[in-house]
Amino acid sequence: MASVNKFPKALVLALDWILYSVGATDNCHVTVTQPRFQEAEQSAHTALLTCAFSAHGCSPSQPQVLWFRFFTNRHEDLCTPECTNRQKFQVLASSQNNYSLQINDLTVNDSALYFCGIAFADSGSPHSRQTGDGTVLTKGERHNTEEFNSMIIISTLLLLYSITVFTILTVHKIKQRLLNRSGNEGQRTENCKISSGRKIFRAIAQELQKQRYAEHCHQPVSPYLYGKKQTHTYR
């Protein structure tokens with residue numbers, strides 16, 4: 001649709017050609033308003049494109065309503081003012097200054113840029129024949145939504161998988177730290193027990209040594225040795 005901006009002048013020329021032989025009031029001025037975008041639901045079978053206009057200095061007669069649509073490299077005259085395919089396209093008057101184009105049997109191929117043209121046939125003013133800025137109609141394909149939903153589901157599953165793996169790694173690291181800390185504390189406790197046992201054994205050994213020394217120092221002297229010693233001394 002990038003090339004559709006080239007066509008409004010062609011539309012005006014086409015309208016001029018259609019109404020070339022008509023001439024009357026020169027003060028007629030028409031302004032046409034269209035919504036810029038319209039998106040049809042996937043389940044929709046019809047679309048209704050609105051076209052509103054205001055007329056100043058024009059005759060009270062009803063204008064002609066024309067519809068065109070443009071694709072990327074071609075265009076179609078839908079209603080000028082009679083519709084070429086009445087089963088597919090219908091022009092409806094919702095009020096005096098509001099008209100709509102109803103598209104039946106809507107498909108993805110109907111996605112295009114639609115122009116609404118208003119022309120007062122009894123006026124020769126160049127402003128009596130005007131088109132709107134166009135409405136971009138889009139209708140999405142069903143598989144696009146399915147692919148989008150599949151992408152959302154896959155992304156969610158990948159996110160849950162990443163969270164699960166991260167949680168498992170975190171728990172493993174915490175468990176490893178707790179085991180290392182418990183092992184260090186057990187080793188310290190064992191070392192403390194061994195050190196305490198050594199101290200107790202050393203204290204017992206020292207006590208036994210003291211007792212043996214005390215017994216040896218207080219052992220009584222033999223009378224025979226004592227008498228012999230006295231005799232020797234007496235001489």
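Could you give the C-alpha radius of gyration of segment 23-79 expressed as a fraction of 2.2 N^0.38 Å, taking N as the number of residues it contains?
1.51
Per 0.36 nm of contour for each residue apart, how much would the distance between residue 36 and residue 85 grow if the chain were fully extended, relative to their Cα-Cα spacing?
Between residue 36 and residue 85, full extension yields 15.2 nm more.
Roughly speaking, what % of Cα-Cα pairs in segment 39-172 are separated by over 17 Å, rounded to a whole number?
68 percent
Considering amide H positions built from the backbone, and no H for Pro or chain starts, which residues 5 or more places from residue 58, or on another chain, come under 5 Å of its amide H?
The list, which skips near neighbours in sequence, is 29.
FYI, it's all coordinate maths here, none of it is from the lab. Computed from a prediction, not measured in an experiment: that's the story for all the values here.
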